[in-house]
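*Asks:* Quick one: the structure is below, questions incoming.
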Amino acid sequence: MQSDKETSRKETNWWDHWNTSYRTNLPTTSLPSKVGAVVLKEIRSLNLTDPKILELGCGTGWLAGELTRDNVHYIGCDLSPKAIALAKRKAPRGRFEATDFMLWNVPEQPFDMILSIDTIAYFRDQDAAVRKITSLLKPRGYVILTTVNPFVYSRRSDIGPPGDAQIRNWLTRKQLHRLLTNNSLIPLRSWTILPSGDKGILRVVNSHKLNRLIGQFVSQTFIEQVKEWCGLGQYRVVVARRDVFKG
C-alpha cells in the first residue's frame with residue numbers, strides 16, 4: 001500500500017508533466033483560453049471593487065496573466081512546482097504558491113472571490129475541499145467554478161483512461177449543485193459551454209452533415225447556444241455565492 005507521501009509525489013509529477021506538456025504558450029483559440037474568456041467575463045460582470053481573488057489550480061498562469069492586468073489582489077496555488085515557476089513569469093504582479101490546497105495555511109484571507117477552474121474533479125475529498133473554500137470566503141463572497149461535463153466527456157473518443165496517480169472524480173450537474181449547497185454555497189448561474197462529443201447520441205447531435213443542414217436555416221452560433229442550453233457543452237460553469245445564513 002502506497003504512503004500518502006508517495007501518492008502526493010506521484011500526483012505532483014503527473015501535474016508537472018501535464019502543465020509543461022499542454023499548458024504552455026496557449027493560443028487564444030485553445031480550450032483553456034476559451035474557458036478563461038468566459039470566466040473573465042463573469043468576474044468582470046460582478047463589478048467588484050479591488051477584489052481579493054484566490055485561484056485554485058492556477059496552472060501555468062494562463063488566467064492569472066489576464067486577471068493581474070486588472071486592479072485585483074491575486075493569489076494562485078497549484079500542486080505543480082513547474083507550473084508555478086511558469087506562472088510567476090507570466091503574471092509577475094501575482095502571488096503564487098506551489099502547494100496542496102488541502103494542506104495549505106492560506107494567507108491574507110478572507111477572499112472576495114475564489115476561482116476553481118477545472119480543479120474540483122481532481123480532489124480526493126471534494127466535500128472537504130468545498131468546505132475549505134467556503135471558510136475562506138467573505139460573507140456573500142463568490143465562487144466561479146468550471147469542471148468537465150461527464151455526459152460529454154464520457155462520449156468523447158479522444159479521452160483516455162486517467163494517468164498514473166491522476167484523480168478523476170467527474171460530477172454531474174445534480175452532484176455538483178448538491179456539493180455546493182451542502183457547503184453553504186448558493187448556485188446563482190449554471191450552464192455548459194463548448195459543445196463536443198463524437199460517441200453515442202452526440203455522434204448524431206454533432207454530425208457535421210446535420211449541423212450544415214440545420215445551418216441553412218439558423219446560424220451556427222444559435223446551434224451552439226441551443227446545445228449549451230441542453231447541457232451538451234463539455235464544461236459546466238457555475239457562479240455561486242456564500243450563503244450569509246450558513247457556514
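*Asks:* Over the range 103-247, what is the mean sequence separation of C-alpha contacts under 8 Å (at least six apart), divided by residue count, expressed as relative contact order in percent? Please report the intermediate quantities before stating the final value.
*Replies:* Working: 234 pairs, mean separation 48.3, N = 145.
Across the range 103-247, relative contact order equals 33 percent.
*Asks:* Also, I was wondering about something else. Does a label point 7 Å from the Cα of residue 157, set along Cα-to-beta-carbon, have any residues of the range 182-200 with amide nitrogen under 20 Å, and which are they?
*Replies:* 195-200
*Asks:* Estimate the FRET efficiency between residue 24 and residue 166 by the formula 1/(1 + (r/R0)^6), using the beta-carbon distance for r and 22 Å for R0, to the nearest 0.05.
*Replies:* Working: r = 19 Å, r/R0 = 0.86.
That pair, residue 24 with residue 166, gives E of 0.70.
*Asks:* In addition: By how many degrees, 0 to 90 and rounded to 10, does the Cα axis of helix 81-90 deviate from the longest principal axis of the chain?
*Replies:* Taking Cα atoms only, the helix is inclined about 80 degrees.
*Asks:* Using alpha carbons only, how many degrees (0 to 90, rounded to 10) separate the axis of helix 220-229 from the longest principal axis of the chain?
*Replies:* 60 degrees
*Asks:* Relative contact order (percent) for the range 185-238, with alpha-carbon contacts under 8 angstrom and 6 or more residues of separation? Please report the intermediate quantities before stating the final value.
*Replies:* Details: 56 pairs, mean separation 33.5, N = 54.
Averaging sequence separation for qualifying contacts and normalising by length gives 62 percent for the range 185-238.
*Asks:* To check you understand DSSP bridge types, tell me what percent of the beta bridges within the chain (both residues inside) are antiparallel, rounded to 5. If you can, show how the numbers build up before the last one.
*Replies:* Numbers: 16 of 35 bridges.
Roughly 45 percent of the DSSP beta bridges within the chain come out antiparallel.
*Asks:* Can you classify the range 70-198 as rounded, prolate or oblate using the Cα gyration tensor, where a ≥ b ≥ c are the square roots of its eigenvalues, rounded means a/c under 1.5, and otherwise it's prolate if a/b beats b/c and oblate if not? Spell out each step's value before the answer.
*Replies:* Details: a/c = 1.70, a/b = 1.25, b/c = 1.36.
Because a/c hits 1.5 or more and a/b fails to exceed b/c, the range 70-198 counts as oblate.
*Asks:* Between residue 46 and residue 226, what is 0.36 nm times their sequence separation minus the Cα-Cα distance? Round to one decimal in nm.
*Replies:* On the way: separation 180, 0.36 × 180 = 64.80 nm, distance 2.51 nm.
Extending this stretch completely gives an extra 62.3 nm.
*Asks:* Any idea which of 43, 194, 229 is furthest toward the positive side of the dipole for the chain, if Lys and Arg beta-carbons carry +1 and Asp and Glu beta-carbons -1?
*Replies:* Result: 229, furthest along the dipole toward the positive end.
*Asks:* Could I ask something else about it? Using 0.36 nm per residue, how much length does the chain from residue 8 to residue 95 gain when fully extended, once their Cα-Cα distance is taken away?
*Replies:* Length gained, residue 8 through residue 95: 29.0 nm.
*Asks:* Rounded to the nearest 0.05, what FRET efficiency do residue 188 and residue 102 have when you use their Cβ-Cβ distance and R0 = 30 Å? Before the final figure, lay out each step's value.
*Replies:* Values: r = 26 Å, r/R0 = 0.86.
It comes to 0.70.
*Asks:* Also, quick follow-up: Please go through the residue pairs 34/174; 82/174; 41/132; 10/41; 41/209 and name each one whose alpha carbons sit more than 29 Å apart in this structure. Present the calculation step by step, with values, prior to reporting the outcome.
*Replies:* Working: 34/174 25 Å; 82/174 35 Å; 41/132 25 Å; 10/41 35 Å; 41/209 32 Å.
Flagged as over cut-off: 82/174; 10/41; 41/209.
*Asks:* Another question, if that's okay. If the only charges are +1 at each Lys and Arg Cβ and -1 at each Asp and Glu Cβ, what is the size of the charge dipole of the range 74-196 around the Cα centre, to the nearest 20 debye?
*Replies:* Details: 18 positive and 10 negative charges, 67 e Å.
Dipole size: approximately 320 debye.
*Asks:* Taking the Cα centre of the chain as origin, sum charge times position over the Cβ atoms of Lys and Arg (+1) and Asp and Glu (-1), and report the length of that vector in debye to the nearest 20. Mind dumping the intermediate values first?
*Replies:* Values: 36 positive and 23 negative charges, 110 e Å.
Here the size comes out at about 520 debye.
*Asks:* Given [x] 25, 23, 18; [y] 29, 22, 19; [z] 38, 27, 15 as candidate values of semi-axes √(5λ) of the Cα gyration tensor in Å, which corresponds to the one derived from the coordinates?
*Replies:* [y]
*Asks:* Describe numerically, in nm with one decimal, the distance between label points set 7 Å from Cα along Cα→Cβ at residue 209 and at residue 69.
*Replies:* In this crude label model, residue 209 to residue 69 measures out at 4.3 nm.
*Asks:* Here is a further query. Using alpha-carbon pairs under 8 Å, 6+ residues apart, how would you state the relative contact order of the chain in percent? Present the calculation step by step, with values, prior to reporting the outcome.
*Replies:* Details: 419 pairs, mean separation 44.7, N = 247.
Reported relative contact order: 18 percent.
*Asks:* In addition: Within the range 172-244, which trypsin sites (Lys or Arg not before Pro) sit in a loop by DSSP and count at most 14 neighbouring Cβ atoms inside 10 Å? Provide the component values of the computation, followed by the final result.
*Replies:* Numbers: sites: 173, 174, 178, 189, 199, 203, 209, 212, 227, 236, 241, 242; in loops: 199.
Taking the range 172-244 and a limit of 14 other Cβ atoms within 10 Å, the loop trypsin sites (Lys or Arg not before Pro) found are 199.
*Asks:* While we're here: Answer with one residue from 105, 205, 182: the one whose Cα lies farthest towards the positive end of the charge dipole of the range 99-247, charges on Cβ with Lys, Arg +1 and Asp, Glu -1.
*Replies:* 205
*Asks:* So, with +1 on the Cβ of K and R and -1 on the Cβ of D and E, and no other charges, what is the size of the charge dipole of the range 208-247 about its Cα centre, to the nearest 20 debye? List each step's numbers first, then the result.
*Replies:* Numbers: 7 positive and 3 negative charges, 25 e Å.
The calculation lands at about 120 debye.
*Asks:* Alpha carbon centre of the range 47-90 versus the range 233-247: separation in Å?
*Replies:* Result: 20 Å between the Cα centres.
The numbers here are math on the coordinates, done by the rules we state, and not lab data. As the structure is a prediction and not an experimental result, all values here were calculated from the model. Using ideal geometry, Cβ is built from the backbone for each residue, glycine included, and neighbour counts are taken over all protein chains shown.
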